[in-house]
Structures are given as C-alpha cells and as structure tokens.
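> First the structure, which I've put down as structure tokens, then a few questions once you've had a look.
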2 protein chains.
Amino acid sequence: MIRINKHYQKLKASYLFSDIAGRVKAYQEAHPDQELIKLGIGDVTLPLCPACIRAFEEGVREMGQEESFRGYGPEQGYLFLQKAIAAGDYASRGVSIDPEEIFISDGAKCDTGNFQELFSQDITVAVPDPVYTVYVDTNVMAGRTGEWKNGVYENLIYLSSGSQTAFLPPLPRQRADLIYLCFPNNPTGAVAGRDELTKWVAYAQENRSLILFDGCYESYITDDALPHSIFEIPGAKEVAVELRSFSKTAGFTGTRCAFTVVPRECRAFNEAGGEVKLHPLWNRRQSTKFNGVSYPVQRAAEAIYTPEGQKQVREQVAYYLANAALIRSALTDLGLETFGGVHSPYIWVNVKRDSWEFFDELLARAQVVCTPGSGFGPGGAGYIRISAFNSRANVEKALSRLSALRLAP
Amino acid sequence: MIRINKHYQKLKASYLFSDIAGRVKAYQEAHPDQELIKLGIGDVTLPLCPACIRAFEEGVREMGQEESFRGYGPEQGYLFLQKAIAAGDYASRGVSIDPEEIFISDGAKCDTGNFQELFSQDITVAVPDPVYTVYVDTNVMAGRTGEWKNGVYENLIYLSSGSQTAFLPPLPRQRADLIYLCFPNNPTGAVAGRDELTKWVAYAQENRSLILFDGCYESYITDDALPHSIFEIPGAKEVAVELRSFSKTAGFTGTRCAFTVVPRECRAFNEAGGEVKLHPLWNRRQSTKFNGVSYPVQRAAEAIYTPEGQKQVREQVAYYLANAALIRSALTDLGLETFGGVHSPYIWVNVKRDSWEFFDELLARAQVVCTPGSGFGPGGAGYIRISAFNSRANVEKALSRLSALRLAP
C-alpha cells in the first residue's frame with residue numbers, strides 16, 4: 001500500500017500566500033468593479049531593467065542558432081554568473097568567495113525548502129517568530145516537528161522577536177542544531193548589525209550548529225556600515241550557508257533566479273561526531289535533483305552586475321524604498337506604530353487587533369491587500385506587513401484610502 | 001550538533017553523468033587536439049525552433065514593459081500552458097485531463113526526484129533494472145533503501161529487464177508500493193504496448209500501489225497504435241502520475257520546462273488505510289517549495305503546441321530518429337546486437353564486455369563518448385547506451401571511426 005508522508009497532514013490547511021490569494025479572489029469575484037491595490041505578497045511591479053532585458057534577449061537569440069545553442073548547463077550554474085556574483089556581491093565587500101561555492105538556482109524559496117534535506121530528521125530546528133513560513137513548513141513536511149497545537153508546532157524552537165528587542169531573535173535557550181536567520185528580515189524589516197551576527201556565529205561555533213542565513217533583501221540595506229553578508233563575520237564560513245535571490249534585487253520574481261553560497265569550510269557532523277563538509281553534499285543533492293537554471297535567465301542575471309545593470313537595479317530598489325518611506329510616514333501620521341521600511345521593503349505595523357480581522361477590514365473598506373502578521377507565526381499576532389512593492393501612484397492611492405479610515409486602535 | 005542525513009552516505013561516489021563528465025574532461029585535458037564526439041548524455045544539439053524562439057522573445061519583451069510585466073506566476077504554471085498541454089498531448093489522444101491536473105515545472109528530473117517526498121519513508125520501491133539513476137538515488141537519499149552491497153542497494157526491488165523480455169520489466173515478486181516505469185525507456189529504448197501497461201495498472205489497483213510513469217520520450221513514439229500516455233489505459237488515473245518534459249521533445253534541455261500530471265482521482269493511503277488524494281498534496285509541496293517556471297520560458301513552451309511549433313518540433317524529433325536508425329544499422333553491420341532506437345533516441349548495445357572498459361576504449365580509440373550500461377544498474381552490465389542526439393555529420397563521423405575498430409566481441 002502506497003502510504004503518504006504522514007507529516008504533511010500536520011500542516012495547517014494552506015500556505016499563507018495561497019490563503020490570502022483565496023480571500024482576495026473571493027472578494028474580487030463578489031466586487032468585480034472595485035479596484036484592489038495589492039501591498040500583500042512581496043511581489044515587484046517594475047519591469048526588468050533594460051540591461052537585463054538586452055542580455056535576456058541575446059541569450060534567447062543564442063538558443064535559436066546552432067552555433068550558439070546550449071543544451072544542459074552545469075547543475076551548479078554557469079561560471080560566468082558565479083564569477084559575476086563572487087566579484088559583485090562578495091569581493092566588493094571584502095569577502096572572498098570562490099565562484100564554485102555559489103550554486104545558482106531558480107529560487108531562494110526552493111533552496112530554503114530543499115537545503116534541510118541534507119540533515120538528519122532528528123535535529124532540533126530554531127526559527128525566529130514571526131518568520132517566513134517556508135522555513136517552518138518544510139521542516140514540518142520533513143518530520144522534524146510534532147503536531148500543530150495552540151498556534152505552534154511541537155518540537156520547534158520559536159525565537160520570539162518582539163518590539164522590545166527591535167525584532168531581533170534571542171539566542172535559543174535549548175540547544176538548536178539548525179537555525180534560520182533572515183536580515184533584512186521578512187516580515188518585520190529588522191536589520192542586524194555586526195555585533196548581532198557575531199553573536200550568532202559564536203553560538204553556532206560553540207554549539208556545532210548551522211545557520212541558514214536568508215539574505216534575499218540584502219540590496220535594501222542603505223547603510224554601508226551594516227554587514228551585507230553573514231560571511232563578513234569572521235568564522236561564519238564554517239557555520240553558515242547564505243541564500244540570496246534576484247527577485248527583489250532586480251525584479252526577477254517571474255523570471256526566476258537565485259543562488260546559495262556554501263563555503264567549502266562549511267561543516268556538519270555525522271552520527272559519530274565526525275566533520276562532514278556540506279559543499280559536496282549540496283552539490284550531490286543539486287546534481288541529482290536539479291538541472292540548472294535556464295541559460296537565457298542566467299545571462300539576464302549576469303547583466304545585473306554590469307555598471308549599467310547596477311545603476312538600473314539600484315534605481316529600482318531606491319524607488320521601492322521611497323515607497324516604504326511614504327508608507328511608514330503616512331501610517332505613523334495615522335497613529336499606528338510602525339517598524340522596518342528603512343533597510344527593507346516591508347513595513348511591519350502594530351495594529352493591536354487580530355491581524356486577519358484587520359486584513360479583512362482593509363480589503364473590504366479600502367480595497368487594500370496586506371499580509372496578516374499572524375500568518376508568520378504567533379509572534380506576528382496583532383501586526384500586519386505592508387509591502388512597498390507597487391507603483392508610486394498605487395501606494396499614494398492606497399495611503400489616501402487608508403487615511404479616510406480610522407485605523408489606529 | 002547539526003547532523004547530516006546519513007542516507008546520503010550510502011550513495012555511490014557520484015552521479016553517473018558527473019562521473020562521465022569527469023572522465024571526458026580528464027581525457028580532453030590530456031589530448032587537447034583530439035575532437036570528441038559526444039553520444040553519451042542524452043542532450044539535444046538542434047537549436048530551439050523558430051516558433052519557440054519567437055514566443056520566447058515576445059515573453060522577454062513583455063517582461064521589459066510595465067504594462068505587460070509579470071511578477072510571481074502561479075506555482076502550478078500558467079493556465080495558457082496547462083491548457084495547451086491538456087489539448088495537445090491528451091485530448092488529442094482521447095484522454096481527458098483537466099488543465100489544473102497539470103503542474104508545470106523546470107524539469108522532469110526535479111519532479112521525479114521530488115515526488116517521492118509525498119510518501120512514507122518505509123514504503124517499498126520497485127525500479128526496472130537497468131534504470132534511470134535518479135529514481136534510485138533520490139530514494140536512497142530519502143532513506144528507503146539499505147546499504148550499497150554487491151552492486152545493488154538493499155531493500156530496493158530491482159525488476160530485471162533483459163533482452164529475453166524485450167527489456168520490459170516483470171511484475172514484482174514481492175509487493176511494491178511505488179513503481180517507476182519509463183516508456184519509451186531510458187536507457188534501453190524499449191517501448192510498452194497497451195497490454196503491457198494494462199498489466200501494470202491492474203497490478204497497481206490490486207496492490208494499492210502507485211506508478212510514477214516517466215513519459216519524457218513520448219514524442220519519439222512513431223507508431224500511433226502504441227499508447228503515448230499511461231492515462232490511455234482505463235483505471236490509470238487512480239494509480240499513476242505521469243512525468244513529461246520538453247527537453248527531448250523540443251530541445252529544452254538548457255531552457256528548462258517540463259510537467260507532471262496528477263489526476264484528481266489519483267490516490268495514496270494514510271496509516272489507517274484511508275484514501276488520500278495526491279493532487280492537493282503535490283500542490284502543497286509545489287506551493288511551499290517551488291515558485292513556478294520563468295514566464296518567458298512558459299511562453300516558449302506554449303508555442304510548441306501551435307501548428308507551426310508542432311511541425312518544427314516534429315521535424316527535430318524525426319532528425320534525431322534518423323540518426324538513431326543510422327546508428328542501429330551501422331552497429332548491426334559491425335556485428336553488435338542492438339536494441340531500441342526505433343521509438344527512442346537511445347540505442348542499447350550489447351557489447352558483451354565490461355561497459356566502463358568499453359566506454360574507456362571508445363573514448364581512447366575513437367574519441368566517441370557513450371554511456372556505460374552498468375551506470376544504469378547491474379542489469380546494464382555488458383551494454384552501452386548510444387544517444388542519437390547530435391548532428392548528422394557528427395553521427396556519420398562517429399560511425400566511420402567505429403567501423404575502423406574491431407568492436408564486435
């Protein structure tokens with residue numbers, strides 16, 4: 001009898017953003033004349049920049065000519081892109097990363113979800129709370145948690161990150177083997193300084209833990225003194241893997257390209273406590289279950305690192321950050337307590353009410369879609385996340401609709 | 001302590017095609033002046049057809065304009081492509097598949113590797129022998145086998161498919177919960193008729209098993225009377241999932257697009273023996289760990305189903321099949337026993353010697369790369385696989401080099 005993975009049945013009914021999409025769709029069907037403004041899911045709206053489009057088109061053209069056609073590429077990605085990343089994102093910050101330590105993929109969500117496969121089922125896992133749900137759900141599916149009870153999964157370590165600690169998660173009180181960190185944070189917009197990251201690297205060294213560091217919003221850091229990569233912290237290469245994406249950096253949410261950095265030093269352990277390097281393990285996983293990213297897409301991603309591409313994608317990021325500043329300021333004026341939105345496209349808002357109720361009200365009364373904080377875990381209760389990814393005109397329209405409501409508690 | 005998934009350590013040192021790539025690279029470095037002809041890995045050589053290129057370019061252009069830009073698409077794929085597949089691959093063969101039963105992905109290797117996640121770790125798994133190694137390796141990684149001993153994995157059911165059964169695997173003697181089938185077969189080129197597939201569907205119904213049916217070489221079937229999909233067999237929708245790819249159909253190995261059909265009727269069971277439908281389970285897996293395929297790539301794939309696209313991709317398939325016929329005939333003339341190559345781009349050759357030894361000799365003496373049969377499991381010992389994916393000129397050159405050697409045992 002073909003039996004299912006019983007751990008799937010522990011999952012709450014649906015993935016957060018599918019859930020939101022369902023409610024939005026129902027509202028739209030009931031009110032086809034209403035114009036919705038979506039500040040919910042963090043999805044970019046600006047088109048791919050001209051430098052990327054040109055390289056993308058050239059890649060497609062190459063695929064149509066016998067002499068330049070490319071079949072299977074390296075599962076790890078093309079060296080031209082690995083080199084561009086190593087130089088543009090790491091060497092430029094004084095961090096030495098070998099191009100072959102960079103694994104190109106079709107999405108950070110995929111890599112985040114897949115990386116846990118490398119580990120034993122009975123390790124302990126710690127996640128910040130609130131948290132990007134993929135970290136949690138993929139560990140539930142893998143059987144590392146118990147049941148969903150009272151709003152949390154049993155046997156999962158929640159690192160409660162509230163406003164009193166600027167939404168920085170505390171060190172775990174029980175030993176955590178695998179730790180997910182995300183800075184600039186999704187959903188809270190919190191950012192970690194050098195001391196903060198140093199504390200985590202020291203923890204991982206001492207406890208022989210591994211940090212999965214989600215740096216997908218790195219390009220939103222506006223202060224050069226802040227670390228842009230966990231590998232700026234001495235010793236991090238042994239204990240951390242870093243996930244990055246072009247989704248928010250360059251508008252690749254529908255184009256699909258990301259990467260994961262697994263330094264050769266990075267280690268885990270076998271049952272006997274002996275060191276096992278993760279680079280060959282992830283390489284094996286990727287060569288067995290993945291076939292690389294579409295060649296023209298990798299060419300488009302490479303163009304991000306040209307001087308022209310850098311200028312253009314930075315303008316896009318600045319555009320969204322200006323939206324974020326507008327949202328922060330308008331919500332503050334409305335009497336709401338806000339966080340994030342400075343080194344992040346997300347504004348985390350204390351609504352002091354049930355966040356799904358607030359979500360529904362915003363949808364019904366202002367036709368604005370946000371993300372209910374409780375979707376990110378118990379620590380998100382009473383908050384909503386507003387995304388700055390939209391056109392200036394739509395952001396302004398949304399804010400003017402909000403100002404007509406009495407939102408403050 | 002962060003402990004690794006110990007099952008990874010059961011894997012043989014490397015993935016077959018990485019292994020071959022390593023030997024080829026070493027040979028090339030030692031003999032930089034020699035011109036190699038690669039008939040090993042099944043990788044296409046003809047460029048994308050004009051219909052696909054035009055749609056691909058148009059998709060890229062849309063991504064560069066604000067009004068037509070697309071961010072995150074549905075994780076399951078765009079409806080335009082799901083509909084084109086449902087009509088072009090299924091309705092056209094009298095099979096009714098709802099577009100939403102089709103999940104678009106970036107590769108059949110990925111889906112093949114990921115689908116087993118839906119099942120319990122302690123189910124029994126049966127694979128044909130010889131077999132596409134991804135079916136085996138991904139189950140090893142998931143902990144469903146024992147150790148690698150005497151050339152096989154313990155606790156894996158090998159369905160020995162030799163020349164005496166036309167390389168059709170026999171029904172398992174012990175009960176198998178999950179069964180991998182592939183027709184036209186990789187590596188042997190064998191094809192299954194209606195009676196053969198009916199036998200498997202009946203087995204799966206009786207034993208409450210599930211068939212993962214790999215139909216990636218479907219477009220190479222040249223006889224309309226043969227089933228092109230397992231869903232042409234009555235009752236198959238309850239017990240089978242079908243994997244397809246555009247890699248060999250339309251030269252998408254470097255472009256990346258494939259799909260998996262999970263009929264709504266398709267079921268597995270929970271621990272208590274109750275039925276659980278697989279469609280929502282796979283949907284949950286994909287929405288949690290995958291973010292859909294690049295939009296312009298999906299547009300390129302859609303173009304395969306236009307009349308112009310159909311004509312162009314069928315010409316490509318016919319070109320490779322003509323190569324296959326040349327190879328079969330030349331090897332037969334050389335006194336070698338061959339199989340496949342009629343409804344398949346692969347010719348399976350009985351070399352009656354150690355297949356890695358034959359591989360090395362072919363590389364050293366003729367600078368031709370093949371795939372050693374033993375890489376596909378113990379049942380492949382004494383065979384090699386020759387791929388018809390190359391230019392006519394290269395195939396002819398390779399055959400003339402081979403004819404200069406005394407290859408027959």
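> With labels modelled as points extended 7 Å from the Cα through the Cβ direction, what inter-label distance (nm, one decimal) is found for A:Asn150 paired with B:Asp354?
Computed distance between label sites A:Asn150 and B:Asp354 equals 6.4 nm.
> Residues with amide H under 5 Å of B:Asp214's amide H, sequence separation 5 or more or different chain, H placed in the peptide plane at 1.01 Å from N; which?
Residues meeting the criterion, in which the H sits 1.01 Å from N, are B:Leu181, B:Cys182, B:Phe183, B:Leu243.
> Leaving out same-chain residues fewer than 8 places away, which aspartates and glutamates sit with a Cα under 13 Å from that of A:Lys397?
Straight-distance partners of A:Lys397: A:Glu35.
> If you place +1 on the Cβ of every Lys and Arg, -1 on the Cβ of every Asp and Glu, and leave all else neutral, what size is the dipole of segment A:1-122 about its Cα centre, to the nearest 20 Debye?
It works out to roughly 620 debye.
> Exceeding 29 Å between C-alpha atoms, which entries from my cross-link table qualify? They are A:Lys25/A:Lys109; A:Lys237/B:Lys109; A:Lys83/B:Lys6; A:Lys12/B:Lys237.
Flagged as over cut-off: A:Lys237/B:Lys109; A:Lys83/B:Lys6.
> Segment A:302-409: which trypsin sites (Lys or Arg not before Pro) are DSSP loop and have at most 10 other beta-carbon atoms within 10 angstrom?
Numbers: sites: A:Lys311, A:Arg314, A:Arg328, A:Lys352, A:Arg353, A:Arg365, A:Arg385, A:Arg392, A:Lys397, A:Arg401, A:Arg406; in loops: A:Lys352, A:Arg353, A:Arg406.
Those that pass, being in a loop and sparsely packed, are A:Arg406.
> OK, next. How many percent of all Cα-Cα pairs in segment B:52-305 sit more than 29 Å apart?
29
> Sorted by packing (mean other beta-carbon atoms within 10 Å per residue), highest first, where do A:173-179, B:247-253, A:56-62 land? Before the final figure, lay out each step's value.
Numbers: A:173-179: 18.9, B:247-253: 26.0, A:56-62: 21.7.
Final packing ranking: B:247-253, A:56-62, A:173-179.
> Report the equivalent ellipsoid semi-axes for segment B:209-311 in whole Å, largest first, defined as the square roots of five times the eigenvalues of the gyration tensor built from alpha carbon atoms.
With the √(5λ) rule applied to segment B:209-311, the semi-axes are 28, 20, 10 Å.
> Also: Can you give the net charge of the other residues whose Cβ lies under 12 Å from the Cβ of B:Ala108, counting K and R as +1 and D and E as -1?
Details: positive: A:Lys289, B:Lys109, B:Arg244, B:Lys248, B:Arg256; negative: B:Asp106, B:Asp111, B:Asp214, B:Glu218, B:Glu242.
That works out to 0.
> Might you report the magnitude of the Cβ-based charge dipole of the protein assembly as shown about its Cα centre, with Lys and Arg at +1 and Asp and Glu at -1, to the nearest 20 debye?
In debye, rounded to 20, the protein assembly as shown gives about 660.
> Can I ask one more? Can you tell me how much longer the chain between A:Gln65 and A:Met1 gets when fully stretched, taken as 0.36 nm per residue apart minus their C-alpha distance, in nm with one decimal?
Difference between extended and current length: 18.1 nm.
> On to the next question. Can you compute the charge dipole magnitude of segment B:52-305 about its Cα centre, using +1 on each Lys and Arg Cβ and -1 on each Asp and Glu Cβ, nothing else charged? Give it in debye, rounded to the nearest 20. Please list the in-between numbers first.
Numbers: 24 positive and 33 negative charges, 36 e Å.
In total the dipole reaches around 180 debye.
> Then there is this: Once all Cα-Cα distances of segment A:1-124 are split into 10 Å bins that start at 0, what whole-number percent is in each one?
Whole-percent P(r) values from 0 Å outward: 9, 20, 27, 26, 17, 1.
> Ok, one more. Based on the Kirkwood radius over alpha-carbon pairs, what value in µm²/s does the Stokes-Einstein equation return for the translational diffusion coefficient of segment A:117-257 at 37 °C and 0.692 mPa s?
210
> I'd like the Karplus ³J(HN,Hα) series for segment B:285-296: coefficients 6.51, -1.76, 1.60, θ = phi - 60°, whole numbers in Hz, and an x wherever there's a Gly or Pro.
4, 5, 6, 7, 10, 8, 10, x, 9, 2, 4, x
> When all alpha-carbon pairs of the protein assembly as shown are counted, what percent fall beyond 49 Å?
Values: 55885 of 334153 pairs.
Percentage above 49 Å: 17.
> For segment A:108-123, in order, what is each residue's ³J(HN,Hα) by Karplus, 6.51 cos²θ - 1.76 cosθ + 1.60 with θ = phi - 60°, in whole Hz (x at glycine and Pro)?
In residue order, the calculated couplings are 5, 4, 4, 5, 4, x, 8, 4, 4, 4, 6, 10, 5, 5, 9, 6 Hz.
> Sorted from shortest, what are the nm distances separating the label point of B:Glu66 from equivalent points in the other copies, each placed 7 Å from Cα along Cα to C-beta?
Ordered by distance, the counterparts are at 4.5 nm.
> HN-Hα J couplings of segment A:251-260 from phi, Karplus 6.51/-1.76/1.60, θ = phi - 60°, integer Hz, Gly and Pro as x?
Each residue of segment A:251-260 in turn: x, 8, 4, x, 9, 6, 7, 7, 7, 10 Hz.
> Take peptide B:116-124, look around each residue's Cβ out to 10 angstrom, count Cβ atoms belonging to other protein chains, and average those counts.
Whole-number average of other-chain Cβ neighbours for B:116-124 is 5.
> Taking a label point 7 Å from Cα toward Cβ, how far is B:Pro234 from its twins in the other copies, in nm, shortest first?
7.6
> Please give the average number of partner chain Cβ atoms lying within 10 Å of the Cβ of each residue in B:277-288, rounded to a whole number.
Mean shielding by partner chains, rounded to a whole number: 5.
> Could I have the simple spin-label model distance between B:Glu275 and B:Gln310, label points 7 Å from Cα toward Cβ, reported in nm to one decimal?
Going from the B:Glu275 label point to the B:Gln310 one covers 3.4 nm.
> Oh, and also: Around A:Glu337, which amide H atoms from residues at least 5 apart in sequence, or from another chain, sit under 5 Å from its own amide H, with H modelled in the peptide plane?
A:Asn350
> In nanometres, what is the gap between the two model label sites at B:Glu396 and A:Arg401, each 7 Å from Cα along Cα-to-Cβ?
Using points 7 Å along Cα→Cβ, the separation is 6.7 nm.
> Sequence-distant or interchain residues sharing an amide H contact under 5 Å with B:Ser120, placed H: which?
Close amide H contacts, sequence-distant or interchain: A:Arg3, A:Ile4, A:Asn5.
> Just from its helices, what would the mean residue ellipticity at 222 nm be for the protein assembly as shown, if runs of 4 or more DSSP H residues each count -39500 (n - 2.57) and the sum is divided by every residue, rounded to the nearest 500 deg cm²/dmol? Present the calculation step by step, with values, prior to reporting the outcome.
Details: 26 runs with 293 residues, N = 818.
After summing the helix terms and dividing by residue count, I get -11000 deg cm²/dmol.
Read-outs throughout are calculated quantities, based only on the coordinates presented, and are distinct from any laboratory measurement. Just so we're clear, the structure is a prediction, and the values are computed from it rather than from any experiment. No Cβ is skipped: glycine too gets one built from the backbone with ideal geometry, and neighbour counts run over all protein chains shown.
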